[in-house]
Each structure stands twice: as structure tokens, then as C-alpha cells.
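Data first, discussion second: the structure below is written as C-alpha cells.
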Amino acid sequence: MKGSSYRLQQRLNVALVFNVKKEIAEEVSCDDGEPDKNTGRNKSIEIKTELHKTKADTYAEWDTEDTILAVKAALELYHDVSLIEANEDSYQTLLQSKPDIVFNIAEGLRGPSRESQIPVILEMLNIPYTGSDPLTLGICLDKSRTKEILSYYKILTPPFVVINNLHQLSELNIALPCIVKPLHEGSSKGIFNASVVRAEEELHQQIKKVLVEYNEPALVEKYLTGREFTVAVLGNDSDVRVLPIVEICFDSLPEGVNPIYSYEAKWIWDTIENPIDVHECPAKISPRLQKEIEDVCRETYRVLRCRDWCRIDIRLDEQNRPNVLEMNPLPGILPNPKEHSCFPQAARAAGMDYNTMINNVLNAGIKRCNL
């Protein structure tokens, strides 16, 4: 398979652990060939629908049924695969099934450590898994902790302040323009066109929105006006690869909107039915800038102790220097090229099809765990 470093040694029992978007599916078939003793049908995973009202972006980070089944199909080329939903029953399910390795794409739902929950369970049960460990996942989901570590290592990141409650609004002294984000979210959750603020009244309004609607602190960050890129990194140690750089093309967004990769830009304006050319890969940049971005991403990957894969968001400041915006150690992997998912897009530019990309991630984990 083109671009693959995989060499088949043995078929492993691989569990794919996931969260499925509630709006999309009621059930994902496991189809593992083992009929249920009570019903006689193949086993399946029932998705528990939550009936309470949710924000439009509540499940933005979770995967669609199409993505879950595409990952499963890729892994099944070489291994025996079972599906496990990341919910309150995960511990018992993993304890009983004891897979050889878990391919982890579970984002979780509750709390700032939600992405760490499945890896913590896996470490308790001594089950190997793909991706970063609980500490790195927790740090990367907390944008301020990530930025503090980057600053210690002299890696550029926009200046910021964290607002924990409404009482701090009277003490704010922040240069405008700036951008307001929820402290620990991904997939552009809580980042809308209105999140870029240029007046004090707008600033207070957006901070209140984050504090109240997302029930978490607000990160207020200097707004950088330069070009924006996202960079896929794959592998470990001497095998780390920086894949072709993706540029976010703001010229393709609706006229008059702020040039940021907002929730609207990612999920509303760019659709399969009405696609826009929001990405360019490989990015058309000078060899010097390409090297600067790649070096920054390699060092960021190293100091945050990422494993197997990660996507890193970069924006240029007024001096055209790459600044790290945030880390995505559980990157989005939509299989349909028309959906403009950045990590698969970078993989395709590097000569990997979707199945190869997924198995290269698994293979990185297998090698790291000495399986």
C-alpha cells in the first residue's frame, strides 16, 4: 500500500474506542460475527441518546458514524477489530475484552480532563493504546497550560490571560483586538465569528458567553493578523514526520467575516453540498517559512511529549513568525475528502490514502509499545 511503513507480523485484537455524534446515529453495528445469546443477532453498540437541550457545538469533537466505520474498515485490513463506545460502561467492557491494543479516538464529554479518561482506564488495566498519555491529553486540552509550557521553552504563542469569573471583568486591562475562547475545548467549539473583539463592550460580552454557556474559564488571547496553518505530525522519536502543511485560506470565507477558522467556517459555511476552498495543501510558502513552521512543530510535539500523532495550529504574528495557537493530539479524521478534514488531507498530500494513514498511526503505537 503506497506510503505505508506497515509490515504485517500478526493479527492483533484491536479495540476502537470512540464517541459518536448523538445527532447522527442511534446505533453503530459491531458486526463481529458473534451473535448475541439472547437475540441471536450480531452484537452492536447502542448509543444512549441524551434528551436534554444542548448547544449546537456540544458534540462537535465527536466522530460521525461514517468516520468510525471508516477507521474500523482500515484497521480490519490487518487486524481483528471490535467497537467500544466511550461511556460509563467502558471500564467493564475493556476489562472483559482485554484487547491487545486500543485505537483511541474518544473525546469524552464531561470535565477538562475528558480526553484523558479512556487512557487512564487503559493504563489501570495495563492495555496498550495509540496516542498521547493522560497527562499530555489533559495539558493540551487546557490551552493556558499548553501555552505556559511553550513559553517556558521559548516557543512563540500569543500573549493571553485566563478569566475565571465575572468579577475579573472590572480588572481587565487587555490590548484590543483580541480573541475569546473557551479554555478547554477543541474543533472550534465556542469560537465564532464574534469571538474576535475590537471594543471593550464586545470583550465583556464574549467572556460572559463563555463563562455562562460553556461553564468554564475564558481564554483571552492577542489576535494575530497573519496567515494561519495547521500541521499534521506522525510518529515517535527518530521516526517523527511532519506532513505537508495545510494553509487556512480566509479569502474563501464569506465577505466581511473575521479571518479565523471559526465554528461557522469549519462546520457551517464549508459543507459537502456547498464546499469552499478553505484549505490549501501543500501550502504555498517559501522554503524558509516551511522550515520554520516544521521546526516549531517538531519542538512543540517533543516538549509536550506527544505520541503517535498530533495536529498543531500555527498563526503568523506581525513579524511573520510562527506562533502556536493550540495542540490537537486527538485530531479530526473525517474520511470523505470533500469534508476537508486537515489530517487526512495532509496525509494524502504525503502519498498516503486513508487506510494507510490509520494503520501508520496504529503501527506507531505498536512499535512504541513493543508489541
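Quick note: the coordinates plus some simple rules give every number you see, no bench work behind them. Keep in mind it's a predicted model, so treat the numbers as computed, not measured. So basically every Cβ, Gly included, is an ideal-geometry build from the backbone, and we count neighbours across all protein chains shown.
Cross-link pairs exceeding 27 Å between alpha carbons, from the set K72/K209; K147/K291; K72/K98; K181/K266: K72/K209. May I ask you to list the trypsin sites (Lys or Arg not before Pro) in the stretch 273-371 that are in a DSSP loop and have at most 15 other Cβ atoms within 10 Å of their Cβ? In loop regions of the stretch 273-371 (DSSP not H, G, I, E or B), the sparsely surrounded trypsin sites (Lys or Arg not before Pro) are K284, R305.
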